[in-house]
Amino acid sequence: MVKILMHGCNGAMGQVITNIVREDENSEIVAGIDVFNDRENGYPVYKNINSCDIRADVIIDFSTATAVDAVVDYAVDKKIPLVLCTTGLSKEQIEKVSEASKQVAILRSANMSLGVNTVFKLAAAAAKVLAEAGYDIEIVEKHHNRKIDAPSGTALAIADAINEAMDHKYKYKLDRSGEKARRKASEIGIQAVRGGTIVGEHEVLFCGQDEVIEIRHTAYSRAIFAKGAVSAAVYLAGRKPGLYTMSDVIG
């Protein structure tokens, strides 16, 4: 049984993870961290992570960028592996995570969904065949109207996976408005749609002469991200120091 410390337990994702772990035979949440403690979770909740003295096998973090430094320091100090799900980290924080991974296992991914991480692999493999044959690559991502950042971190991660497979030959084109010019072969176009309650949809289009190949992932609820985080926690518990991704979980 993997013992989990849930950082950000009373946020939307923290609550989804709490409910999923209740039904999971391989894990349990032994404590939570959240500045708001207005509900009964079935485990003790601390407002400050440094106040928590309950031993865990792994930490899952779904909080805010401003809280990440503290949880990384705690993970290093206690030598507890960390599944870092929070996005929007600064360059300095990403460097801090990289340094910390030399002392403790840290898994960080732009998207915790097992399906999306499979899309990363499929898109990279397809690019090696189709991009080499001259197909144009476009990525379209859709999210709810409350999402602030655009394009999504997942869309950028898909583009990065393709670019890495193609020896970084592409530049990203985020906006074509106001530009009257033909599309360049060296571009990956990334378009963002914001509306309603769309949980998340990503399309990768390989556009060739008289045909289009599509790779698409649609999220219907936050549960897919929570399930991925729990799978990552079970995988990471007991691992040696290092920087891991969901690709390691998928195998």
Open item on the list: Using only the Cα atoms of the range 23-150, what are the Rg and Dmax in Å?
Closed with: 18.4, 57
Task: the chain - percent of accessible surface contributed by carbon and sulfur, probe 1.4 Å - done: 50
- [ ] Have a look at Ala233, Tyr244, Val21 and report the one farthest towards the positive end of the charge dipole of the chain, computed about the Cα centre with Cβ charges (Lys/Arg +1, Asp/Glu -1).
- [x] Tyr244
Task: Helix 12-22 axis, angle to the chain major axis (alpha carbon atoms, nearest 10°) - done: 60
- [ ] Tell me the Kirkwood hydrodynamic radius of the range 165-228 in angstroms, computed as one over the mean inverse distance between distinct C-alpha pairs.
- [x] 14.7
Task: Rounded accessible area per residue of the range 127-251, 1.4 Å, Å² - done: 56
- [ ] Take every DSSP beta bridge with both residues inside the range 120-211 and express the antiparallel ones as a percent of the total, to the nearest 5.
- [x] 45
Open item on the list: On a straight-distance basis, which lysines could pair with Lys142 in a cross-link, Cα separation under 26 angstrom, same-chain partners fewer than 8 positions away excluded?
Closed with: Lys91, Lys121, Lys128, Lys169, Lys171, Lys173, Lys180, Lys184, Lys227
Task: Mean shadow area of the chain over all directions, Cα convex hull, nm² - done: 14.8
- [ ] For the chain, find the longest principal axis of its Cα atoms and tell me its angle to the long axis of helix 65-78, 0 to 90°, nearest 10.
- [x] 50
- [ ] Could you give me the radius of gyration and the Dmax of the range 130-177, taking only the C-alpha atoms into account and expressing both in angstrom?
- [x] 12.3, 39
Open item on the list: In 10 Å bins starting at zero, report the fraction of Cα pairs in the range 162-201 per bin as a rounded %.
Closed with: 24, 38, 30, 8
TODO: Considering Cα pairs under 8 angstrom that are at least six residues apart, work out the relative contact order of the range 87-221 and quote it in whole percent.
DONE: 31
- [ ] Give me the angle, in degrees from 0 to 90, between the Cα long axis of helix 153-165 and the longest principal axis of the Cα atoms of the chain, rounded to the nearest 10.
- [x] 60
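Restricting to Cα pairs below 8 Å that are 6+ residues apart, what does the relative contact order work out to for the chain? Please round to a whole percent.
In percent, rounded to a whole number, it is 23.
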Task: Beta bridges per DSSP with both ends in the chain, % antiparallel, nearest 5 - done: 35
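The values are calculated or read from the model by the stated rules, or taken from the named source; none is laboratory data. Not measured: the values here are computed from a predicted model. With ideal geometry, Cβ positions are generated from the backbone for all residues, glycine too; neighbour counts draw on all protein chains shown. Ligands, DNA and RNA are excluded from the accessible area calculation, which covers all protein heavy atoms including side chains. Shrake-Rupley method; radii C 1.70, N 1.55, O 1.52, S 1.80 Å.
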